Each structure stands twice: as C-alpha cells, then as structure tokens.
Amino acid sequence: MDIPAGPISTAKPTDLAVSPALPQVKRPSWKLLALALIVAGVSDAISFAVTFVLPLQWAVDIATAILLFLIFGRRRAILPGLIAEAIPGMGVFPVWILVVISIILYDDIKRRRS
C-alpha cells in the first residue's frame with residue numbers, strides 16, 4: 001500500500017472552520033409575551049391560593065404548561081417549571097413567572113449574539 005507524498009488536502013484552515021448556520025429562533029411578538037406573563041401570573045396566584053389542594057394545583061400547572069407551550073411553541077424551558085411546580089410547597093414561589101422571564105431573557109441574549 002503506497003502512502004501518497006505531499007499534502008492530503010489543499011484546503012485552507014479557514015475553509016475547514018465553516019460551521020453550519022444555527023437555526024434562527026423566531027421571537028414571539030410583544031402581545032404574546034404579555035399574554036404569557038398574564039397566564040403565568042394568574043397561574044401563580046391560583047396555585048398559591050390552592051396550595052393545599054394538590055389535585056387542583058396539578059391541574060392548574062398542567063393547564064399552564066399547555067398554554068405556555070401553545071404561546072411559546074416547543075420550548076424545553078417549560079418542562080423544568082412544570083417539574084418545579086410538582087414539588088410540594090413550591091406553589092408559594094412564582095415559578096411560572098420566572099419561567100416566562102427566563103425564556104424572554106434567553107431569546108434576547110440569543111438574538112444579540114447572532
């Protein structure tokens with residue numbers, strides 16, 4: 001088996017460093033962001049009021065997760081919020097508002113980088 005003499009490739013290092021384009025995340029409109037914050041606020045208020053009625057609190061949290069899923073689209077950040085709300089006693093914290101704010105901030109940071 002002969003090993004060819006000379007360079008294997010004549011490509012420049014800058015040619016090899018081309019990365020594929022990252023998919024652009026479409027930012028929701030301000031109306032949808034306001035709607036998401038309202039949904040999260042109402043959900044956290046109801047969740048605080050029904051802290052000791054667990055089945056009702058779970059129903060509110062699942063409905064909130066579905067509504068935010070419909071507003072924001074397929075976002076993985078909604079799942080940790082749902083898990084956090086499933087922990088007993090977490091209903092006293094505004095978890096859904098924090099989830100919505102984190103999604104808004106993440107989109108803003110991602111948009112500024114690109």
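The values are calculated or read from the model by the stated rules, or taken from the named source; none is laboratory data. Small disclaimer: the values here were computed from a predicted structure and weren't measured. In this analysis, Cβ positions are derived from the backbone assuming ideal geometry, glycine residues included, and neighbour counts consider all displayed protein chains.
Run down 2, 61, 15 and say which single residue is modelled with pLDDT under 95, acidic (Asp, Glu) and within 24 Å of residue 114 (Cβ to Cβ). Reasoning before the result, please.
On the way: 2 fails: within 24 Å of residue 114 (Cβ to Cβ); 61 fails: within 24 Å of residue 114 (Cβ to Cβ).
From the options 2, 61, 15, the qualifying one is 15.
Among the residues of region 46-69, what is the count of those that are loosely packed, with under 14 Cβ neighbours inside 10 Å and closer than 21 Å to residue 36 by Cβ?
Result for region 46-69: 6.
For region 23-77, enumerate the residues that are hydroxyl-bearing (Ser, Thr, Tyr) and touching a residue at least 40 places away in the same chain (Cβ under 8 Å). Let's see the steps before the verdict.
The initial filter retains those residues of region 23-77 that are hydroxyl-bearing (Ser, Thr, Tyr), namely 29, 43, 47, 51, 64.
If the condition is that a residue be hydroxyl-bearing (Ser, Thr, Tyr) and touching a residue at least 40 places away in the same chain (Cβ under 8 Å), then 43, 47, 51 are the ones that fit.
So, of the residues in region 46-64 that are of a type in the set (Phe, Trp, Tyr) and in a helix (DSSP H, G or I), which turns out to be farthest from the chain's Cα centre (by Cα)?
Initial filter on region 46-64 (of a type in the set (Phe, Trp, Tyr)): 48, 52, 58.
The next check asks that each one be in a helix (DSSP H, G or I); those that pass are 48, 58.
Values: 48: 23, 58: 20 Å.
Once the filter is applied, the top-ranked residue is 48.
Residue-by-condition table, conditions (1) assigned to a helix (DSSP H, G or I); (2) at pLDDT 80 or above; (3) touching a Phe, Trp or Tyr at 6+ places or on another chain (Cβ under 8 Å):
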{"residue": "20", "(1), (2), (3)": "no, no, no"}
{"residue": "28", "(1), (2), (3)": "no, no, yes"}
{"residue": "44", "(1), (2), (3)": "yes, yes, yes"}
{"residue": "66", "(1), (2), (3)": "yes, yes, no"}
{"residue": "71", "(1), (2), (3)": "yes, yes, no"}
{"residue": "83", "(1), (2), (3)": "yes, yes, no"}
